[in-house]
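> Would you mind keeping the following structure in view while I ask a few things?
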Amino acid sequence: MAAHLGRRLRRGATSGAVVAAAVAALAASQAPGTPPPADNASGDLPIGAGDTTTPPDGSASGDTPYYTDLPPLNTPNKPGAPTTLPLITGPAQAGIPASVLAAYQRAEQSIRSTDPGCNLPWQLLAGIGKVESGQARGGAVDANGTTTSPILGPVLNGVGFANISDTDKGAYDGDAVHDRAIGPMQFIPSTWATWGQDANGDGKKDPNNIYDAAQAAGLYLCANDRNLAVKADLDRAILSYNRSTEYLNTVLSWFEYYKRGTHQVPDGTGVLPGDRSDNRGVTPGRTTPSPTAPVKPAPAPKPTTPAKPKPTPTPPPVTDPAAKVVRIKSATAGTLTATAGRTFADRLTVQALDLAGKPVAGVQVRFRIEGDGDTRFSVGAREVTAVTASTGKAAAPTLKAGERTGAFKVSATVVGRSLTAVSFTVNVTERAADTLTRLDAKDLAATTGGDFADAVRVKATDGGTIASGVAVTATFVTSASDPKPATDGPFFKAADGTAVRTLTVTTDADGLLVLPKIFAGDQAGTFTLRLTAPGGGTVTVELKVTTPEPEPTPTPSPSGSTSPDPSTSASTPAATPSA
């Protein structure tokens, strides 16, 4: 059998050398039902505990039997074939049940985010899961990832296997005398007591749950600061699971097979192995990979004082919840819109989710205003950081619209992670007034060639409140019923002295505006000035231009009359007679 196994391994390696690698990218969220939430929900061992030592029993499974079936010689993906997953075709052995695959990929993602130096690939978990339990009996798990019935290895009573006395009082394996390997990853109870995880957040560490078990297996393989990208560390990790060279080679063969490609199959439809290390010669087929039901607890032996387990150092807990986040999504509906200079009514909000779609609290989210606009957060900054609440939601401070109108973007990202950012569209509209009111009712009158003595004063409001900074357009129109711009009559003067009949004036802080001086022009008549504002406000002013009264003409004197000469009207003194 050993020679046969060696031949199959050599043939598998030869086939692998000529097949192009096509790394799978299965989305774990495609598992049926609702996948589990984040790690450490119940105070379990932190992710990435690379400095924790291996328990004293020496192996995770207690060197229990395993399946020796090897992968087929044909590869899951042929060279040049598309690698976009999930695939729906391919060798049956390449199919991994959906929930089981989700658990493996979730464990890899969680551990890589906190212990990247371990370089744990999910395909290694898949190789061990295949050899230990046939991928949880072909994916026989419920919606939460728990096996539909316990998966138990043989009794470790020293007969053909290791002799391991009971360590869990039968709590997991139903045997109060000896231990048995339990669950889809086949942990013995003493190992599970150290490495057990609550990866599905149900409040308990269950070795029969594929999410809990896969997370625990990943941590166990990464122990002692192993780097699984290094062949020596990879071999040591696998041998720490089961101290058998044949076990090592079998796991590695499945590991390489799954790295070349795989596809998702529905839970309960995976191919079951049939050849076990303790039952050579059995024809492979869809057989039960382990005893079908747990044994009843044996009568308790005479009371003895149980040996205290050797304490295992517990690493500090992981404090960065961002490691659990796999995506963030917008929790703000639609496009945010505000008038220039005003505060946006709604706040930009995102929600952080783990692989199971559950909210993650305590995550730092950075909001950043993109572009060179003048809109700012209420704290005066272009970039702010908020922290997610228990709902997984984080809201940025309110936005204060600047004077620059138009649409711009705001991005939201998880601090310290390279996840896809959420992009919001924010729109700033021009200031508006729905009402324009003239402040006096004086008739405006002037004569041709002159100007109007009184100025036009208007107040702008919007929704009953002062509308400051509103650009109001003043236009001389043909008539009150015809908005066509006039070509003659009164006008304003531009800076260069030319006549203009349309101009824009902005209201002040009190919503007031005063139009510049209006010149009458050289044509008499009644003219119309219309003022309009964004938002619908409008007011019409009537101007009258008349011809000035002519100056009076002097009246001429009567004909033949002369004015006396003052010089001759004076009396001439009489001559004095001589003596």
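> In the list 164, 182, 128, which residue meets the criterion of being touching a residue at least 60 places away in the same chain (Cβ under 8 Å), under 17 Å from residue 209 (Cβ atoms), crowded, with 19+ Cβ neighbours inside 10 Å and among the β-branched types (Val, Ile, Thr)?
From the options 164, 182, 128, the qualifying one is 128.
> Residue 207 versus (1) in contact (Cβ under 8 Å) with a residue 40 or more places away in the chain; (2) touching a Phe, Trp or Tyr at 6+ places or on another chain (Cβ under 9 Å); (3) under 11 Å from residue 60 (Cβ atoms): which is the lone unmet condition?
The single condition residue 207 does not satisfy is (1).
> Follow-up question, since we're still on this one. Restricting to the range 332-357, name every residue that is more than 17 Å from residue 409 (Cβ to Cβ) and either surrounded by 15 or more Cβ atoms within 10 Å (Cβ to Cβ) or touching a residue at least 24 places away in the same chain (Cβ under 8 Å) (or both).
Once the filter is applied, which keeps residues that are more than 17 Å from residue 409 (Cβ to Cβ) and either surrounded by 15 or more Cβ atoms within 10 Å (Cβ to Cβ) or touching a residue at least 24 places away in the same chain (Cβ under 8 Å) (or both), the range 332-357 yields 339, 340, 341, 342, 343, 351, 352, 353, 354, 355, 356, 357.
Results for (1) under 18 Å from residue 545 (Cα atoms); (2) of a type in the set (Val, Ile, Thr); (3) in contact (Cβ under 8 Å) with a residue 60 or more places away in the chain; (4) not assigned by TED's automatic domain parsing to the domain that holds residue 450, shown as yes or no for each residue.
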| position | (1), (2), (3), (4) |
| --- | --- |
| 471 | no, no, yes, no |
| 478 | yes, yes, no, no |
| 483 | no, no, no, no |
| 488 | yes, no, no, no |
| 495 | no, no, no, no |
| 502 | no, yes, no, no |
| 508 | no, no, no, no |
| 513 | no, no, no, no |
| 522 | yes, no, yes, no |
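> Take the conditions out of contact with any Phe, Trp or Tyr (no Cβ under 9 Å at 6 or more places or on another chain), buried (at least 19 other Cβ atoms within 10 Å of the Cβ) and among the β-branched types (Val, Ile, Thr) and apply them to residue 269. Does it pass? Walk me through it before giving the result.
Details: out of contact with any Phe, Trp or Tyr (no Cβ under 9 Å at 6 or more places or on another chain): yes; buried (at least 19 other Cβ atoms within 10 Å of the Cβ): no; among the β-branched types (Val, Ile, Thr): yes.
Criteria not met by residue 269.
> Residue 198 is checked against (1) farther than 26 Å from residue 325 by Cα; (2) acidic (Asp, Glu); (3) buried (at least 24 other Cβ atoms within 10 Å of the Cβ) and fails just one. What number does that condition carry?
Here residue 198 clears every test but (1).
> Also: Within the set of pairs 6+ apart or on separate chains, which have a first residue in the range 547-561 that is surrounded by 10 or more Cβ atoms within 10 Å (Cβ to Cβ), a second that is modelled with pLDDT of 70 or more, and C-beta atoms under 9 Å apart?
From residues that are surrounded by 10 or more Cβ atoms within 10 Å (Cβ to Cβ), the pairs are 547/447; 547/448; 547/524; 548/447; 548/448; 548/449; 548/450.
> Then there is this: Tally up the residues in the range 452-471 that are part of a strand (DSSP E or B) and in contact with a strand residue (DSSP E or B) (Cβ under 9 Å, 6 or more places away or on another chain), please.
Going through the range 452-471, the residues part of a strand (DSSP E or B) turn out to be 457-462, 465-466, 471.
Retained after the next criterion (residues that are in contact with a strand residue (DSSP E or B) (Cβ under 9 Å, 6 or more places away or on another chain)): 457-462, 466, 471.
Residues in the range 452-471 being part of a strand (DSSP E or B) and in contact with a strand residue (DSSP E or B) (Cβ under 9 Å, 6 or more places away or on another chain): 8 in total.
> So residue 449 clears everything in (1) surrounded by 14 or more Cβ atoms within 10 Å (Cβ to Cβ); (2) in a loop (DSSP other than H, G, I, E, B) except one condition, right? Which one?
Residue 449 satisfies every listed condition except (1).
> Hey, can you tell me all the residues within the range 472-503 that are in a loop (DSSP other than H, G, I, E, B) and hydroxyl-bearing (Ser, Thr, Tyr)?
Applying the first criterion (in a loop (DSSP other than H, G, I, E, B)) to the range 472-503 yields 480-481, 486-490, 494-498, 501.
If the condition is that a residue be in a loop (DSSP other than H, G, I, E, B) and hydroxyl-bearing (Ser, Thr, Tyr), then 481, 487, 498 are the ones that fit.
> Oh, and also: In the range 207-226, which residues are in a loop (DSSP other than H, G, I, E, B), more than 31 Å from the chain's Cα centre (by Cα) and either within 22 Å of residue 168 (Cβ to Cβ) or modelled with pLDDT of 90 or more (or both)? Steps first, please.
First, the residues of the range 207-226 that are in a loop (DSSP other than H, G, I, E, B): 207-208, 222-226.
This time we only want the ones that are more than 31 Å from the chain's Cα centre (by Cα), so: 207-208, 223-226.
Passing the criteria: 207, 208, 223, 226.
> Look at residue 184 and say whether it is touching a Gly at 6+ places or on another chain (Cβ under 7 Å), closer than 28 Å to residue 70 by Cα and assigned to a loop (DSSP other than H, G, I, E, B).
In short, yes.
> Could you list, in sequence order, the residues of the range 260-275 that are part of a loop (DSSP other than H, G, I, E, B) and of a type in the set (S, T, N, Q)? I'd like the intermediate steps shown before the answer.
Step one: filter the range 260-275 for residues part of a loop (DSSP other than H, G, I, E, B), giving 260-262, 266-275.
Hits for the range 260-275 are 262, 269.
The values are calculated or read from the model by the stated rules, or taken from the named source; none is laboratory data. Since we're looking at a predicted model, the values are computed, not measured. FYI the Cβ positions are ideal-geometry reconstructions off the backbone, even for glycines, and counts take in every protein chain you see.
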